[in-house]
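Step one of this worksheet: look at the structure below.
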Amino acid sequence: MENRLLDKAQNKQLAPMGLRAFFKLADSWALSVEEQMVLLGQPSRSTFYNWRGGKISGVPHDTLARLSHLMAIHHALHTLFDDDGQATEWIKATNDQLAGQSALDRLLAGEIMDLYTVRTYLDGLAQSA
């Protein structure tokens, strides 16, 4: 029971930070509301707008995992590229290593495994840079 309470406390602490960072990232990538909702795991519209407005009392564990992957992707992009423009250009460009899709298209497939795939691909590139 104590672990469960700790998890809830951590969620309440991490969720607002993660969502604020996500919405900045979504703005820099010029994502639509629908695209943002896919990346967050399809919350209801009211929940999404509450989160966007800063009304965050916690998020599902799946959403926390998604935020973690997206922040790692953002970090890896900034390890590889000098500015936001280059990172945004890369995320939207087609990529032979992702079956000719852009990384963003792969992310928008909506499954957490898609986020993981892009994250691990970028982590590998960043480590060899």
* Structure fact -> Taking the stretch 82-92 and keeping only residues that are surrounded by 14 or more Cβ atoms within 10 Å (Cβ to Cβ), at pLDDT below 95 and over 15 Å from ALA26 (Cβ atoms), one is left with none
* Inspect the stretch 105-118 for any residue being more than 21 Å from PRO43 (Cβ to Cβ), among the hydroxyl-bearing types (Ser, Thr, Tyr) and part of a helix (DSSP H, G or I) and give the result as yes or no. => yes
* Under 6 Å by Cβ, and 6 or more places apart or on different chains, what pairs join a residue from the stretch 23-41 that is touching a residue at least 12 places away in the same chain (Cβ under 8 Å) with one that is of a type in the set (D, E, K, R)? -> SER28/ASP84; GLY41/ASP62; GLY41/ARG66
* To do: List every residue pair whose Cβ atoms sit under 6 Å apart, with the two residues 6 or more apart in sequence or on different chains, where the first one lies in the stretch 9-20 and is closer than 16 Å to PRO43 by Cβ and the second, anywhere, is β-branched (Val, Ile, Thr).
  => ALA15/ILE56; ALA15/VAL59; PRO16/ILE56; LEU19/ILE56
* Go through (1) modelled with pLDDT under 95; (2) of a type in the set (D, E, K, R); (3) surrounded by 15 or more Cβ atoms within 10 Å (Cβ to Cβ) one by one and return the number of the condition ARG4 breaks. => (3)
* Could you run through the stretch 20-65 and say how many residues are of a type outside the set (S, T, N, Q), modelled with pLDDT under 95 and in a loop (DSSP other than H, G, I, E, B)? => 6
* To do: Among the numbered conditions (1) at pLDDT below 95; (2) surrounded by 15 or more Cβ atoms within 10 Å (Cβ to Cβ); (3) among the small types (Gly, Ala, Ser); (4) in a helix (DSSP H, G or I), tell me where ALA72 comes up short.
  => (1)
* To do: Considering each of ALA109, ALA93, ALA99 in turn, give the residue that is free of Cβ contacts under 8 Å to residues at least 12 places away in the same chain and at positive phi.
  => ALA99
* Do you know which residues across the stretch 42-79 are without any contact (Cβ under 8 Å) to a residue 40 or more places away in the chain and either among the hydrophobic types (A, V, I, L, M, F, W, C) or under 22 Å from ASP7 (Cα atoms) (or both)? -> PRO43, THR47, PHE48, ASN50, TRP51, GLY54, LYS55, PRO60
* **Pair list, Cβ under 7 Å, 6 or more apart: the stretch 117-129 residue free of Cβ contacts under 8 Å to residues at least 40 places away in the same chain, other residue in a helix (DSSP H, G or I)** => THR117/ARG106; TYR121/GLN97
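The values are calculated or read from the model by the stated rules, or taken from the named source; none is laboratory data. Being a predicted model, the structure only gives us computed values, none of them experimental. Heads up, the Cβs are rebuilt from the backbone with ideal geometry, glycines too, and the neighbour counts pull from every protein chain shown.
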